[in-house]
Every structure is written in C-alpha cells, then in structure tokens.
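Peer 1: Before I ask anything, here is the structure I am working with.
Derivation of every value follows stated rules applied to the coordinates shown; laboratory data play no part. This one's a predicted model, so the numbers in the text were calculated from it and none came from an experiment. Using ideal geometry, Cβ is built from the backbone for each residue, glycine included, and neighbour counts are taken over all protein chains shown.
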C-alpha cells in the first residue's frame, strides 16, 4: 500500500513538473502562426 | 494568402453548383439536386488542394489532401470498430475463462509463512507504471470512443471538461509511464531472457489450464517474460508515436503525423487488451498473486507452486528458521 501511494504521488509530481516545463517551453500560437508585423498582442 | 485557397475552393464549389443547377434545374426536384452536387464537389476535390501563404506556418497552405481523408476514414472506421470489438472480446473472453476455470487456487493451501517476492523499489516502479498507464489508457479510450459512449450519458459540458482533463493527464503522465518502464527494464531485464524451461511452461499451459499442474519456473515464468517484452515494445512504440503527436511537426511532416496517430491508436488498443489480461491474472484469476505487488510478500506454498525454482533458490539462501 505504501509503495502504491508513493508511486501515485510520484506520478502526479512528475506530471506537474513536466506540465510546467512544457508550458514554459511551448511557443505560443501568436508567435507560431504570425509574423511580427502582423501581431496585435505582444503575448 | 490562405484566403486565396479558400476563395479557390469557393469558386470550385460555386462553379459545380452552377453547373448542377443549369444541367438539372428542369429535370429534377430541388431537394434531389444536393446529393448529386455534393458528390460532384467531392469528386472535384479528390486531389490535393493547396495554395500559398505568407505566415510562418507554411503547412497551412495545404487546404486538403487525399491521404488526410483516407486517414480519417481508417481512424473512424476499422481502427475504432475493430479496436472496440477487440476490447469487448478480451473482456468477454476473460469472463468466459473465469467461468470455465474459476480461480487458480493455492492447491497446497496457504502455508502461513511468507517470503519477499518484490522489494519496495520494485513495487514502487510497478505502481508508478501501472497508475500512469491506467490514466493513459482510460483517457486514450475516451479520445477514441468517448464521444460515442460517454457523451450521450453525461452531456456535452461535462464531457468537454472530462476530455480536456484527460488530454492534459494523457500528455503529462506519459513521462511517469516512460520512467516506470525504463526502471522496469533496468531491474528486470536479466530475469526475462527465454530459456529451455519456458518451452515446458508453454507445454503445460502455464499451469493455469489444469488443476494440479505446476511447471517449473524461475522468478518470472514464460508468460511473464512475454508480458515484459510486450510492455517494452509497446511502451517504445507508444512513446515514439505519442511524442511525435505531442510535438507536432517537430519530427514528422503531415504524412508522418497521420501515421503516428494511427500507430499510437492501434498499439494503444493492443496494449490495453494485453494489460486487461495481466490485471485479470494478477487479481481475480489467481489466488495469492496480488500480494506480490500488494505487500511484496507471498505465501511460501504459492511461491513453490508457481515459481518453484525461484522459491527453492530463495528459501535455500535463507538461514534455517528464517521462514
């Protein structure tokens, strides 16, 4: 039971960390699909 | 210049509609014209339709391609129908097997003494892989079958929330799953090479088809070795195809993306079918088996019946009176 709970918590932590890293690295649609001259938003 | 492709499409459609109207206006009722025009339009669009764009995403210049339609038909047709029926067949087959064979009991009865089957690290690795796989499997099945099976039950709002949560979980839990499989490979690879004993195990039906039959087995029997290699191969295919989908067009073009999705869906369904059988034999199908991953301790008689060589080795290594 302890191994199961530890593994579950570990899986959630790994997923959250992966989510943060991928979100930080992800290119926004604004940047991906427009040229700089066509961007209204600076996000 | 995406607009030019759209305008081109509209012009083609308008020309076909106009042609249809002129040709059939006096011959057929208005209602009957639409299917004929749709068919003509689809015929005209059979080839690749592409234009020119000035935005960074050059792929958007491709408006439609025949391979895309074939891919969609394959995914919505055989992949979903055959895959769905395969999973149903596996569940029905396991139920039928259970009805016929019943639970595989410890025939010598529980000895009341236990021995360590898996260490805490091994069990952690197993559950890390298992927990993430269950979420990956359920969220993946929801992506394939949810719109047909779950949407009518819970409505569009709840289904949208569920699917969005499942999509993010599917993406991010994949890393825990891959890590778990990697650790399994490191820990268990040396036990999973096939040898002459495995042929005997197969000849005896793994000892689960008939009562009183217990083919000799080491730490892992031939069935578990097959499972091990299937998980390794399945995880590799799932990871490669899955990360190609997670990072669209980084590693593959449009055709590669379509192929990745088909491979991911087909291998995913096969993987789920395999793991259903594993879950069955590890829980309901065999008495005492769950303890191996539950507490890590198995009954000595269970070990002697199902993994006799491993039990002999382990018990022989113990100091007298240890068990």
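Peer 1: Using only Cα atoms, find the angle between the long axis of helix B:254-282 and the longest principal axis of chain B, and express it within 0 to 90 degrees, rounded to the nearest 10.
Peer 2: Tilt of helix B:254-282: around 30 degrees.
Peer 1: Looking only at other chains, what is the average number of their beta-carbon atoms within 10 angstrom of each beta-carbon in B:124-136?
Peer 2: If you average over the peptide's residues, the count of other-chain Cβ atoms is 4.
Peer 1: If you wrap a convex hull around the alpha carbons of chain A, what volume per residue comes out, as a whole number of Å³?
Peer 2: Convex hull volume per residue, Cα atoms: 60 Å³.
Peer 1: Kindly provide the helix-only [θ] at 222 nm of the protein assembly as shown, computed as the sum of -39,500 (n - 2.57) over DSSP H runs of four or more divided by all residues, to the nearest 500 deg cm²/dmol?
Peer 2: Only helices count here, giving -23000 deg cm²/dmol.
Peer 1: Give me the Kirkwood hydrodynamic radius of region B:209-267 in Å, from all C-alpha pairs, to one decimal place?
Peer 2: 13.8 Å
Peer 1: Sort largest first and round to whole Å: the equivalent ellipsoid semi-axes of region B:170-282, each the square root of five times a Cα gyration tensor eigenvalue.
Peer 2: Largest first, region B:170-282 gives 34, 14, 12 Å.
Peer 1: Could you state the principal axis extents of the C-alpha atoms in region B:223-323, from the largest down, to the nearest angstrom?
Peer 2: 65, 27, 20 Å, listed from the longest principal axis down.
Peer 1: Take the alpha-carbon centre of region B:37-105, take the same for region B:213-237, and report the distance between them in whole Å.
Peer 2: 31 Å
Peer 1: With label points built 7 Å along Cα→Cβ from the Cα atoms of residue B:290 and residue B:143, find their separation and express it in nm.
Peer 2: In this crude label model, residue B:290 to residue B:143 measures out at 3.1 nm.
Peer 1: Would you mind telling me which residue in B:120, B:152, B:248 has the biggest mean-square fluctuation in a Gaussian network model of chain B, where springs connect alpha carbons within a distance under 10 angstrom?
Peer 2: B:152
Peer 1: Could I ask something else about it? Rg to Rh for chain B: what is it, with Cα atoms only and Rh by Kirkwood?
Peer 2: Rg/Rh for chain B comes to 1.14.
Peer 1: Between helix B:2-24 and chain B, what is the angle of the helix's C-alpha long axis to the longest principal axis, kept within 0 to 90° and rounded to the nearest 10?
Peer 2: With rounding to tens, the tilt is 70 degrees.
Peer 1: Which value, in nm² and rounded to one decimal, describes the direction-averaged projected area of the C-alpha convex hull of the protein assembly as shown?
Peer 2: About 26.1 nm², averaged over all directions.
Peer 1: Related question: What do you get for the angle between helix B:80-101 and the principal long axis of chain B? Use alpha-carbon atoms, 0 to 90 degrees, nearest ten.
Peer 2: 20 degrees
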